[in-house]
Structures are given as C-alpha cells and as structure tokens.
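Asker: One structure follows; several queries about it will come next.
Where a number appears in this text, it was derived from the coordinates with a stated rule and is not lab data. Computed from a prediction, not measured in an experiment: that's the story for all the values here. So basically every Cβ, Gly included, is an ideal-geometry build from the backbone, and we count neighbours across all protein chains shown.
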Amino acid sequence: MARHNNFMGRIFHPLKNMTRRNNIIGAIDIGSGFIKGIIAQPKRDREQIAVLSSVSIASEGISRGVVMDAEIVLGKINQVLDKLKSEIKPHHLKDIFVNIGGPHIVAE
C-alpha cells in the first residue's frame, strides 16, 4: 500500500514521482550504534521496492546522537557509501536521504 506524505500542502508519493532516469532510492541512517545504508529501486508497479543493497557497520565518533568526531563519522559514512555503490553497479546513485537524530535536534 502506498504511503502519502503531506509536505507543505502537496501530496507526494515517493515512488510514483521519481523520474525514469533516476529511479534508484538511497538512504543512510546515522546512529550511535550503527551507520546503516540501503539502496532500493521501485518495481514496475511503483507500489513496492526491490532492495538492491544494504549495509550496516559499527558506528564510531557518535555518542547519544551527538557527533563527537566529525572526521571519524565521515570516514564511516564513506565506508557505507563505498560498499553500497560497489554492489549496485552499473546503476548510478544521484541522491540519498540521510537520517540523524538525537536530543539536540528539535522540530519547531
């Protein structure tokens, strides 16, 4: 079943609104325990996705959602991206969604 998000008054369907040339979806979750990444592609019906690659590595440089050492975190993110990209060749990843949370992030 498709999920619709109301973003600034517009209905957005993340799978149906993708262009044909850029139909690869990427996401990274940056956490205190792990940094995880996934690459997926919509199936023909555009209602479901096929996972092309997923990676999970131990996180370093983050404590309770706060980045303590940006260089170490960047290195870990690059490790995740390199593993993901090596598994999806010849596909090209243009955009990626990034998630990070913690007590210092506040929505208003």
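Asker: Whose amide H sits under 5 Å from the amide H of Ser32, counting only residues 5 or more places off or on another chain, with H placed in the peptide plane?
Answerer: Here Gly65 satisfy the definition.
Asker: How do His104, His91 rank when sorted from fewest to most other Cβ atoms within 10 Å of their own Cβ?
Answerer: By the 10 Å Cβ count, ascending, the order reads His104, His91.
Asker: Would you kindly state how much longer the chain becomes between Glu108 and Asn23 on full extension, computed as 0.36 nm times their sequence separation minus their alpha carbon distance, in nm to one decimal?
Answerer: 27.4 nm
Asker: Multiply the residue gap between Lys43 and Ala58 by 0.36 nm, knock off their C-alpha separation, and tell me the result in nm, one decimal place.
Answerer: That works out to 2.3 nm of additional length.
Asker: May I ask you to evaluate 6.51 cos²θ - 1.76 cosθ + 1.60, the Karplus curve with θ = phi - 60°, for each residue of the range 67-81 and list the ³J(HN,Hα) values in order in whole Hz, giving x for glycine and proline?
Answerer: 6, 9, 9, 4, 5, 5, 4, 4, x, 5, 4, 5, 4, 4, 4
Asker: Does anything in the range 25-51 have its amide N under 16 Å from the 7 Å Cα→Cβ label point of Val67, and if so which residues?
Answerer: Of the residues in the range 25-51, 28-36 have backbone N under 16 Å from the label point off Val67.
Asker: If you stretched the chain out fully between Leu74 and Asp95, how much longer would it get, using 0.36 nm times the residue separation minus the C-alpha to C-alpha distance?
Answerer: Length difference between fully extended and current span is 5.8 nm.
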